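Trainee: Below you'll find the structure I mean.
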Amino acid sequence: MGLNLDASPEELKIFLEEVEEHFQTLEEDLLRLEKEDEFNEDLMQEIFRASHTLKGSSATIGHHRMAELTHAMENVLDKLRKKQLAVSRELIDILFECLDHLRILRDEIINDEKSDLELEGILGKLSAVQKSGGIPAGRVDIQPPSSKASCQESERKIEIDLTWEEKDRIHNAVEQGLKPYIIRLTFDVEPEMLAVRAFVTLMALSELAEVVKSQPTADEIEHEKVSDTLVALLLTEGEEEKITKLVNELPSIAGCEIQLYADDIVRKTDSSAETVNEANNLSEERNQTGDQAKAGSAVKNVSAKKANRTVRVDVDLLDSLMNLVGELVIDRTRLFQILGNLEAIDEMDEISQDLGRTSIHIARVTTQLQEQIMKARMLPVENLFNKFPRMVRDLSQKAGKEVNFVMTGQETELDRSIIEEIGDPLIHLLRNAVDHGIESPEERRAQGKSSTGQLKLQASHEENHIIITIKDDGRGIDPEQVRQSAIKKGLITEEQAKRLTDKEAVNLIFMSGLSTATRVTDVSGRGVGMDVVRNNIEKINGAIEINSVVGQGTEFKIKLPLTLAIIRALLVSIGKSVYAIPLSTITETIRMQRKQIEFVNNREVIVVRGKVLPLIRLKSVFSGAVSEEEQKEKLFIVVVNLAGQQVGLVVDSLVGEQEIVIKSLGKYIGDVQGISGATILGDGSVALIVDVSNLIKKAAS
Amino acid sequence: MARVLLVDDAAFMRMRCAKLLTENGYSVDEAENGQEAIEKYQKIKPDLVLMDITMPVMDGLTAVAEIKKIDPDAKIVMCSALGQQNTVMSAIKAGAKDFIVKPYQPEKILSTIKRFVG
């Protein structure tokens, strides 16, 4: 079922943008509110304002449930603001719950479908909190009653008590030619606004005529001693018509009776009755103009002025732009190759030189285009990080930990597809840190640490990479414990475990099926494990590294490429084919003699600077077994490193370093072991991209 | 053509209101908060100000008092939400002419404005 909101798509867009801003403000401020010990008026006001604006806007578009909830929130916030309520964790919890509900209500707008969210529960909680602090405020009436003033002649005499002085004043005035009228107005207005409406009405009347007496009096109105009726005795030189005209113009008046005041008679002249009728017609006419205005606004959406200099673009469009740029990058490489060939053949003639210059220009423009489009795809990680403070707060509360969560570098930009991919791994790592990393306050005190654990999430730019680190000062990962756990689960033998360095042992936590948590908690230790985290990161050509010191804490360092589409790679040749190895995985290249190869467990290894490096012959991986004769005396070895594991890839020769555009192999070929994709080279031939993480895993098994 | 100065911190509300007013033949200027409203008031001398109450930097109540100091004849209509009766009352006493309650009803806004500027 649609919501039937009263807003154009254009307006809804702005509405949603603002709503999102206010949600963010609320979330950040509520977290701050919880942390700060002293009453911070500015902060309180900001929270109140956000909720208040949400109320106004949502009521305007006719999202009644959102308006109802924000109204209830506002009542509580108002009490907080006025210090009639104290900040407590329970209260903050309730407000966060409100925020969650609001997000669902916001999604209703996006999906244009009512959710099955029930508000009774949260509204009950809010009103309970509010009542606990003082007098309850009135219920919100979202649908403002329509008002239509219509003066009627009254048969009944309108009564008002006058003092002798007042009667005297009237007597004198009548002698001077003024006419006394008594008027009774009934208001049709939100009950909360009754007093101020009556006040304004009285003010307007007094601008036209002398108000001798009113019931209630201005003073009583100010003190909110009002009913929905206002009786006033007026003295005016003008005709009754003037008063009825004014009353018709005044908003929120449902009924109006007017009589010429006399001590003993109740009479109305015929002429005045006619005027009243005329006035009625007038007010009807005005309503019609109102309707026309409404119809007009529906048609003329376009005229709204905009100062915004941004354009919303579909992600698909950005993807296809990136793809096209990829093609250009390939052609750039080809152009250079053709140019090289021309130079090699002969002395360059005029035309060739011209072609050369143009090629160089095209190359430069292509590079700039590539950079710009990559920038267009970038989003600050802030969008992703924003939800973490709240998450960490909830987690630490559940786990009974005290955590000080700090984020830095939110402005760091990343390709949006990478941001989408990195969310889940980060959530997992943060959960782990809160649940397993940081100790309980008692345990921390026992170890001489401060009872509050530090958790830091940091994003930064480093050369052609983005580094995201998650660092806690908790108990750290005990390599011995990991070894034992891995042996118990049958992942490695005791023999293997002994040979592992501590760092390698810690890296075992990335193996599937291994969890060091002795107990499964509500927060983590079930479902996806660290192996999934690593797979997700490697899937986007990233790498993850652990630095952990027992008793001092753990640091996860995630290295991510700036973009998924174009990477720098080392081209190597194996036989007649060229392969590309992502540069981000390479630590070094070595030239070796064949006789330097040694064997451990019947597997080929070499010793580099005292370290044993397992070898993988790419030729045997990709084109089957290698015969003895084919083997060359001199070998090129590309040392690759992922998550601390090093492997040497044996290749025939090194071709060069180049920017390559990643193309998928397509559904037809599907997944090929050891290959993550393909790219087109300068000469138009295809090179396969080596899937390093897959190879390393293979070497390990 | 009467000039109306629209003061509200929510761009959404301004957009909506501005549309209604321009369609009905008013010339509209906008301000995001009380401070800006005062500056714009001095510059353009609008015939009417529609003033929101809850705003950052400077709230509507303060702005009414300030504008009244500059121009005692200023016509200001408060835009209030439910639950702000006391503030509206103070604003009226400070010199605001009338008030309208959110959510706005187009007819109400128009008739209120018409009453003051024709």
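Throughout, read-outs are computed from the coordinates displayed, never taken from laboratory work. Computed from a predicted structure; not experimentally measured. A quick note on method: Cβ atoms are made from the backbone with ideal geometry, for glycine too, and the neighbour counts reach across all protein chains shown.
Trainee: What is the spread of the Cα atoms of region A:9-132 along each of their three principal axes, largest first, in whole Å?
Mentor: Largest first, region A:9-132 extends 43, 27, 20 Å along its Cα principal axes.
Trainee: Once fully extended, how much extra length lies between A:VAL174 and A:ASN383, figured as 0.36 nm per residue of separation less the alpha-carbon to alpha-carbon distance? Each step should come with its number before you reach the end.
Mentor: Details: separation 209, 0.36 × 209 = 75.24 nm, distance 7.34 nm.
Fully extending the segment from A:VAL174 to A:ASN383 adds 67.9 nm.
Trainee: I've got another one for you. Can you pull the one-decimal nm distance between simple spin-label points at A:LYS167 and A:ASN40, each 7 Å off the Cα toward Cβ?
Mentor: My value for the distance between the label points is 6.6 nm.
Trainee: OK, next. For the charge dipole of chain A, defined by +1 on Lys and Arg C-beta atoms and -1 on Asp and Glu C-beta atoms about the Cα centroid, which residue among A:ALA262, A:THR679, A:LEU119 has the Cα displaced farthest towards the positive pole?
Mentor: A:THR679
Trainee: Separate question: Would you list the P(r) distribution for chain A, with all Cα-Cα distances sorted into 20 Å bins from 0 and each bin expressed as a whole %?
Mentor: P(r) over chain A, rounded to whole percents: 13, 31, 26, 16, 10, 4, 0.
Trainee: Between A:ARG334 and A:ASN404, 0.36 nm times their residue separation minus their Cα-Cα distance comes to what?
Mentor: Working: separation 70, 0.36 × 70 = 25.20 nm, distance 5.36 nm.
Taking A:ARG334 through A:ASN404 to full extension adds about 19.8 nm, to one decimal.
Trainee: OK, next. Counting each pair of different Cα atoms once, what's the Kirkwood radius of region A:566-700 in Å, rounded to one decimal? Working shown, then result.
Mentor: Numbers: mean 1/r = 0.0652 Å⁻¹.
Averaging 1/r across every pair of different Cα atoms and inverting gives 15.3 Å.
Trainee: Another question, then. Can you give the FRET efficiency for A:ALA376 and A:GLU220, using 1/(1 + (r/R0)^6), R0 = 51 Å, r = Cβ-Cβ distance, to the nearest 0.05? Display every interim value, and only then the final one.
Mentor: Details: r = 64 Å, r/R0 = 1.26.
Efficiency at R0 = 51 Å is approximately 0.20.
Trainee: Stretched out fully, how many nm does the piece from A:ILE669 to A:LYS489 gain, at 0.36 nm a residue minus the Cα gap? It would help to have the intermediate numbers written out before the result.
Mentor: Details: separation 180, 0.36 × 180 = 64.80 nm, distance 3.60 nm.
Going from the current span to full extension adds 61.2 nm.
Trainee: When Lys and Arg each count +1 and Asp and Glu each count -1, what net charge do the other residues less than 13 Å away from A:GLN84, Cβ to Cβ, add up to?
Mentor: Details: positive: A:LYS79, A:ARG81, A:LYS82, A:LYS83, A:LYS131; negative: A:ASP78.
That sum, taken over residues with Cβ under 13 Å, equals +4.
Trainee: Another question about this same structure. Report the calculated FRET efficiency for A:LEU324 and A:SER623 (r = Cβ-Cβ distance, R0 = 30 Å), to the nearest 0.05. Mind dumping the intermediate values first?
Mentor: On the way: r = 34 Å, r/R0 = 1.12.
That pair, A:LEU324 with A:SER623, gives E of 0.35.
Trainee: Going Cα to Cα from A:LYS488, which lysines come in below 20 Å? Please leave out same-chain ones fewer than 8 positions away.
Mentor: Straight-distance partners of A:LYS488: A:LYS498, A:LYS503.
Trainee: Among the listed pairs A:LYS167/A:LYS225; B:LYS19/B:LYS108; B:LYS68/B:LYS93; A:LYS157/A:LYS179; B:LYS45/B:LYS75; A:LYS245/B:LYS68, which are separated by more than 19 Å between their Cα atoms?
Mentor: Details: A:LYS167/A:LYS225 25 Å; B:LYS19/B:LYS108 15 Å; B:LYS68/B:LYS93 11 Å; A:LYS157/A:LYS179 17 Å; B:LYS45/B:LYS75 10 Å; A:LYS245/B:LYS68 28 Å.
Beyond 19 Å: A:LYS167/A:LYS225; A:LYS245/B:LYS68.
Trainee: So how far apart, in nm, are the two label points at B:LYS93 and A:GLN447 if each is 7 Å from Cα heading toward Cβ?
Mentor: Output for this residue pair reads 6.1 nm.
Trainee: For region B:31-89, just the Cα set please: Rg and Dmax, both in angstrom.
Mentor: 10.7, 33
Trainee: Cross-link partners among lysines for A:LYS83, C-alpha distance below 22 Å, same-chain residues fewer than 8 apart left out?
Mentor: Result set, ordered by chain and number: A:LYS35, A:LYS55, A:LYS125, A:LYS131.
Trainee: Just tell me how shielded A:186-197 is by partners: mean number of partner chain Cβ atoms within 10 Å of each residue's Cβ, no decimals.
Mentor: 4
Trainee: So if we plug the beta-carbon distance of A:ASN602 and A:LYS503 into 1/(1 + (r/R0)^6) with R0 = 30 Å, what FRET efficiency do we get, rounded to 0.05?
Mentor: 0.70
Trainee: If you take every DSSP beta bridge whose two residues both sit in the protein assembly as shown, what share of them, in percent to the nearest 5, is antiparallel?
Mentor: Percentage antiparallel, nearest 5: 75.
Trainee: For Cα pairs less than 8 Å apart in space and 6+ apart in sequence, what is the mean separation divided by the residue count of chain A, i.e. the relative contact order in percent? Walk me through the intermediate numbers first.
Mentor: Working: 1046 pairs, mean separation 57.1, N = 701.
Relative contact order, chain A: 8 percent.
Trainee: Excluding same-chain residues fewer than 8 positions from A:LYS539, which lysines have a Cα within less than 22 Å of its Cα?
Mentor: Reachable lysines: A:LYS375, A:LYS557, A:LYS559, A:LYS663, A:LYS667, A:LYS697, A:LYS698.
Trainee: Something else: Give, as ranges by residue number, the residues of region A:457-482 whose backbone N falls under 15 Å from the point 7 Å along Cα→Cβ of A:LYS557.
Mentor: It comes to A:458-472, nothing else.
Trainee: Sum up the charges of everything whose Cβ sits under 13 Å from the Cβ of A:ALA173, counting Lys and Arg as +1 and Asp and Glu as -1, but leave A:ALA173 out.
Mentor: Numbers: positive: A:LYS167, A:ARG169, A:LYS179, A:LYS213; negative: A:GLU165, A:GLU166, A:ASP168, A:GLU175, A:GLU210, A:GLU237.
With Lys, Arg at +1 and Asp, Glu at -1, the neighbours total -2.
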